[in-house]
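The values are calculated or read from the model by the stated rules, or taken from the named source; none is laboratory data. Everything quoted here is computed from the prediction, not taken from an experiment. Cβ atoms come from the backbone with ideal geometry, glycine included; neighbour counts cover every protein chain shown.
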Amino acid sequence: MTLRSRRFIGQFTLSALLIIFLTLHLTGLIHLGFVDILDNAMYDLKVRATTAQGVDDRVVIIDIDDKSLQLEGRWPWPREKLARMQNNLFDQYGVAAVGYDIVFSEPDTSSGLPVLEALAANDLSDQPVFLQILEQLRPSLDYDQLMADSLAKGSSVLGYYFNVNEGAERIATLPTPLFTHEQLGALGSGFLQAQGYGGALPGLLEKATGAGFYNSLPDNDGVIRRMPVMISYQNGYYVSLPIILAEAAMGVKEIRLVNPGGDGFNRFLPHALDIEGLKVPFDEQGGVLVPYRAQGSYRYISATDVISGQEPASHLEGRVVLVGTTAPGLADIRVTPVSEVFPGVEIHASMISGILDQNLKWQPREITTMSVISVIILGLIIGTMLPMTTPLIAAISTLAFLFLVIGLDIWAWNTLNMDFPLGAPMVSVLGMFVVNMSYGFFIESRAKGQITKLFGQYVPKELVEEMSRDPDRYNLKGESREMSVLFSDIRDFTSISEGLSASALAEMLNFYLSSMTRIVQQRRGTIDKYIGDAIMAFWGAPIPDKNHARDAIMAAMQMQSDLNELNPQMKLKGWPEIKIGIGVNSGKMSVGNMGSEFRMAYTVMADAVNLASRLESLTKQYGLGILVGEESVAHCPDIEFMKVDVVRVKGKVQPVTIYEPLGLKEGIDITAIKRKQDFEQACNAFQLYDFDVAEDILRKANKRNPSKLYEVYLDRIAHFRENPPPADWDGVFTFTSK
């Protein structure tokens, strides 16, 4: 047998194994997580690429927002307010239907009516005047009845939720199920099975047009791509809020089940609910793919403006209304394919838009069979062809098949509203290419071994893999680069070590350093060394990293964040809780193998490195977890920083500005922004010798949130009042120790 024949057999055997593994995955006999990840990623990409733009004026969201809470009071409101809002929606604004992404499962006693009734039944039962007045006041104090009466004015749909946990509570009442188990038979066997619920008050449910659950159906990665259409509870199947609301808005009295079957194309069509000709397809688990629209697709109206009747009628007349909340602490925020911060109420709005537009995506009922056939056909064609072609032709052919698979899927998505999972077919195409090119990989294994020998002890194995693709670019020779460096240190480590045995101390350090090192390496950092309890790491070498400053700062913030999770674990092990200080700085550094003829180390050296070490030490002085140099700050426009001070550290003449990172700007907490504004205002006053203003701001801030940082500046103010700074003082504080 020739070498070419042996190579073909070997490559084809590997291709056949790949086909077998993918087939076993698709049939559920094994689980290949990366295929699911690719499936989800490609699905999310399709959703984002085809997300409907523009405002859908048919659906409006009544928002219980900050403005509403400020004007109407904290949540939950007395239902008398909601009744007024409900009355206005139908009497003044003439909406088509109202749905509540809120549950009303407990009676409203805020009016004090139960107390008056108790008095009437006992202590004051012989006081006719009191009883007469109580009867006169009862209609205006029975807030639940007011709410119930308002629900009866138009098409109103209440929300409720199911709980799938064993032994879950059953609160209030459920509506009548849409179908019984006998009606659906085996069709509902794969549906979500509820164990408990949070329903609506019977009095409200009786007057409402209907009620629907607002449960979500997140995938294993926490992303909501599907919503349950029906959920099974005891002997019935209950329907979701968007479907009941769409039914109410259209004035439909019945939702029918469409259950295609038989031969031909019908065997691939999904089961569906029919709302007067509008189909809602669902899969074997009772889920429907959410037709997401871009954020901003719906008009938000503050609830208080509806309660007061100040909203223009043209904004609401004839619309389908959803009542929800975006107020901090109340908001139902979900992770979706279009955004990681997506209001839950907009998922329901997207569902209603999709039902009205009939652009709900669906998967064929024989999707597993279709996927297996596609994987086998693609695998056999490509697995037979690639061993006989050059690497260039193999790459071109692979791309051609890949574009063919993706192109057909996009056509089906846009034309037929059909979703075909791309994970397994793409792995089949790309996997065949990888298998057939693996021989080239083994040829290069020697170069990879050299890279591993040189850098394996410094960088994570993922970066070693990346470096091995072009080993000529990497060596241990010294060179100058723009880089970032991080120093971290455990606070009061000496006293901690004195309280532990040698073995316990070693075990604690190993636990702590492993966790912190994992974060550094996940952020593409290189561990330079451990100095007792301290860590030194750098970014930008051996692999260039244009985001070295950002990666270093993000690693520092994650180290502090993860320490909050590590400390409870350490406490359980009998170890003391720890705090750490971290200094980060960027600049020109020399990197390479440095040392002596007896021992060498791949490390960095520069004035910028020394400054990072000084910043780590200064965290103790200011009581902060992280300090960052101004060079690093300049490279991170998406991170919010607070200016802490302008200082001269020991060993440097030129002053440097130091900062504390507060977090990513897009997700920064309003409390942190307020803290930054107050502190920087105080610092500005301090620099201008306006010590009274600076002291007033700092004392108020310290009272709200005590911090050593404020005390440092308050001590300086007290010192300068006794010892005024010279007229030519530049506002820089000089440290005389490390």
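At pLDDT 90 or above, in the same structural domain as Ser232 (by TED's automatic domain parsing) and in contact with a helix residue (DSSP H, G or I) (Cβ under 9 Å, 6 or more places away or on another chain): is that true of Thr336 in this structure? Break it down into steps so the answer makes sense when it comes.
Values: at pLDDT 90 or above: yes; in the same structural domain as Ser232 (by TED's automatic domain parsing): yes; in contact with a helix residue (DSSP H, G or I) (Cβ under 9 Å, 6 or more places away or on another chain): yes.
Taking the combined requirement at face value, the residue satisfies it.
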Hits in the stretch 79-104 - residues which are in a loop (DSSP other than H, G, I, E, B), farther than 12 Å from Val320 by Cα and either at pLDDT 95 or above or hydrophobic (A, V, I, L, M, F, W, C) (or both): Phe104
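Looking at Gly190, Gly196, can you tell me which residue is in contact with a Gly (Cβ under 8 Å, 6 or more places away or on another chain) and under 30 Å from Leu146 (Cα atoms)? Walk me through it before giving the result.
Working: Gly190 fails: under 30 Å from Leu146 (Cα atoms).
Only one candidate qualifies: Gly196.
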Tally the residues that are acidic (Asp, Glu) and under 18 Å from Trp729 (Cα atoms), restricting the search to the stretch 693-716. 1
Between residues in the stretch 69-80 that are in the same structural domain as Gly324 (by TED's automatic domain parsing) and residues that are among the hydroxyl-bearing types (Ser, Thr, Tyr) and surrounded by 19 or more Cβ atoms within 10 Å (Cβ to Cβ), which pairs lie under 6 Å by C-beta distance while being six or more apart or on different chains? Leu71/Thr304; Glu72/Thr304; Pro78/Tyr143; Arg79/Tyr143; Glu80/Tyr143
Can you spot a residue in the stretch 502-524 that is in contact (Cβ under 8 Å) with a residue 40 or more places away in the chain, more than 17 Å from Ala612 (Cβ to Cβ) and small (Gly, Ala, Ser)? yes
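Restricting to the stretch 276-297, name every residue that is in a loop (DSSP other than H, G, I, E, B) and within 20 Å of Gly159 (Cα to Cα). Talk me through it step by step, then tell me what you get.
The initial filter retains those residues of the stretch 276-297 that are in a loop (DSSP other than H, G, I, E, B), namely 276-277, 283-286, 290-292, 294-297.
Gly286, Val290 - these are the residues of the stretch 276-297 that are in a loop (DSSP other than H, G, I, E, B) and within 20 Å of Gly159 (Cα to Cα).
Looking for something touching a Phe, Trp or Tyr at 6+ places or on another chain (Cβ under 7 Å), in the same structural domain as Gly286 (by TED's automatic domain parsing), modelled with pLDDT of 90 or more and among the polar types (S, T, N, Q) - is there at least one such residue anywhere in the stretch 305-322?
In the first step, residues of the stretch 305-322 are kept if they are touching a Phe, Trp or Tyr at 6+ places or on another chain (Cβ under 7 Å); the result is 313, 316-317.
From the residues that got through so far, the ones that are in the same structural domain as Gly286 (by TED's automatic domain parsing) too are 313, 316-317.
After this cut, where a residue has to be modelled with pLDDT of 90 or more as well, the list is 313, 316-317.
Those left that are additionally among the polar types (S, T, N, Q): none.
Taking every residue of the stretch 305-322 in turn, none turns out to be touching a Phe, Trp or Tyr at 6+ places or on another chain (Cβ under 7 Å), in the same structural domain as Gly286 (by TED's automatic domain parsing), modelled with pLDDT of 90 or more and among the polar types (S, T, N, Q).
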Is it the case that the stretch 638-653 has a residue that's under 40 Å from the mean Cα position of the chain (by Cα), at pLDDT 85 or above, surrounded by 12 or more Cβ atoms within 10 Å (Cβ to Cβ) and part of a helix (DSSP H, G or I)? no
Residue by residue through the stretch 504-544, note down the ones that are within 31 Å of the chain's Cα centre (by Cα) and more than 13 Å from Leu486 (Cβ to Cβ). Asn510, Phe511, Tyr512, Leu513, Ser514, Ser515, Arg518, Gln522, Ala541, Ile543, Pro544
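Does Ser397 qualify as being free of Cβ contacts under 8 Å to residues at least 24 places away in the same chain and surrounded by 15 or more Cβ atoms within 10 Å (Cβ to Cβ)? Break it down into steps so the answer makes sense when it comes.
Details: free of Cβ contacts under 8 Å to residues at least 24 places away in the same chain: yes; surrounded by 15 or more Cβ atoms within 10 Å (Cβ to Cβ): yes.
Against the criterion (free of Cβ contacts under 8 Å to residues at least 24 places away in the same chain and surrounded by 15 or more Cβ atoms within 10 Å (Cβ to Cβ)), Ser397 qualifies.
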State the number of residues belonging to the stretch 25-34 that are closer than 11 Å to Ala424 by Cα and either at pLDDT 90 or above or more than 25 Å from the chain's Cα centre (by Cα) (or both). 2
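Residue-by-condition table, conditions (1) in a helix (DSSP H, G or I); (2) assigned by TED's automatic domain parsing to the domain that holds Gln11; (3) closer than 30 Å to Phe282 by Cβ:
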residue: Leu378; (1), (2), (3): yes, yes, yes
residue: Ile382; (1), (2), (3): yes, yes, no
residue: Leu386; (1), (2), (3): yes, yes, no
residue: Ala395; (1), (2), (3): yes, yes, no
residue: Leu399; (1), (2), (3): yes, yes, no
residue: Val405; (1), (2), (3): yes, yes, yes
residue: Pro421; (1), (2), (3): no, yes, yes
residue: Val434; (1), (2), (3): yes, yes, no
When residues of the stretch 309-357 are filtered for being assigned to a loop (DSSP other than H, G, I, E, B) and within 29 Å of the chain's Cα centre (by Cα), how many remain? 15
Under 7 Å by Cβ, and 6 or more places apart or on different chains, what pairs join a residue from the stretch 713-738 that is more than 19 Å from Glu695 (Cα to Cα) with one that is modelled with pLDDT under 75 and surrounded by 14 or more Cβ atoms within 10 Å (Cβ to Cβ)? Phe735/Val649
Condition test on Gly198, is it at pLDDT 90 or above, buried (at least 18 other Cβ atoms within 10 Å of the Cβ) and more than 21 Å from Glu247 (Cα to Cα)? yes
Selection from the stretch 169-191 of residues that are under 25 Å from Glu106 (Cβ atoms) and not polar (S, T, N, Q): Glu169, Arg170, Ile171, Ala172, Leu174, Pro175, Pro177
Among the candidates Pro218, Pro281, residue that is under 17 Å from Gly354 (Cα atoms) and within 32 Å of the chain's Cα centre (by Cα): Pro281
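Look through the stretch 185-195, keep the residues that are outside any loop (DSSP other than H, G, I, E, B) and among the hydrophobic types (A, V, I, L, M, F, W, C), and return whichever of them is farthest from Gln285 (Cα to Cα). Show your work before the answer.
As a first pass, look at the stretch 185-195 and keep what is outside any loop (DSSP other than H, G, I, E, B): 185-188, 193.
Now restrict to residues that are among the hydrophobic types (A, V, I, L, M, F, W, C): 186-187.
Details: Ala186: 12, Leu187: 9 Å.
So the residue we want is Ala186.
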Which residues, counting only those in the stretch 151-177, are part of a loop (DSSP other than H, G, I, E, B) and either within 17 Å of Gly251 (Cβ to Cβ) or not assigned by TED's automatic domain parsing to the domain that holds Gly203 (or both)? Ala152, Lys153, Gly154, Ser155
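Could you grab me the full set of residues in the stretch 378-394 that are surrounded by fewer than 18 Cβ atoms within 10 Å (Cβ to Cβ) and touching a Ser or Thr at 6+ places or on another chain (Cβ under 9 Å)?
First, pick out the residues of the stretch 378-394 that are surrounded by fewer than 18 Cβ atoms within 10 Å (Cβ to Cβ): 380-381, 384-385, 388-393.
Result: Leu380, Thr384, Met385, Thr389.
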Within the stretch 86-110, track down each residue that is crowded, with 20+ Cβ neighbours inside 10 Å and acidic (Asp, Glu). Asp101, Asp108
By residue number, the members of the stretch 400-431 that are touching a residue at least 40 places away in the same chain (Cβ under 8 Å) and among the small types (Gly, Ala, Ser) are Gly423, Ala424, Ser428, Gly431
Taking the stretch 540-553 and keeping only residues that are among the aliphatic types (A, V, I, L, M) and under 13 Å from Gln521 (Cβ atoms), one is left with Ile543, Ala552
Looking for whichever is farther than 18 Å from Val55 by Cα, outside the structural domain of Asn417 (by TED's automatic domain parsing) and touching a strand residue (DSSP E or B) at 6+ places or on another chain (Cβ under 6 Å) here; the options are Gly277, Gly286. Which one fits? Gly286
Members of the stretch 196-227 that are in a loop (DSSP other than H, G, I, E, B) and among the charged types (D, E, K, R): Asp219, Asp221, Arg225
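Tally up the residues in the stretch 678-725 that are assigned to a helix (DSSP H, G or I) and either out of contact with any strand residue (DSSP E or B) (no Cβ under 9 Å at 6 or more places or on another chain) or surrounded by fewer than 12 Cβ atoms within 10 Å (Cβ to Cβ) (or both), please.
Restricting attention to the stretch 678-725, the residues satisfying the condition of being assigned to a helix (DSSP H, G or I) are 678-687, 691-704, 708-722.
Adding the requirement that they be either out of contact with any strand residue (DSSP E or B) (no Cβ under 9 Å at 6 or more places or on another chain) or surrounded by fewer than 12 Cβ atoms within 10 Å (Cβ to Cβ) (or both) leaves 678, 681-682, 684-686, 691-704, 708, 710-711, 714-715, 717-722.
Total meeting the criteria: 31.
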Residue match in the stretch 197-215 (condition: under 24 Å from the mean Cα position of the chain (by Cα), in contact (Cβ under 8 Å) with a residue 60 or more places away in the chain, at negative phi and not assigned by TED's automatic domain parsing to the domain that holds Met42): yes
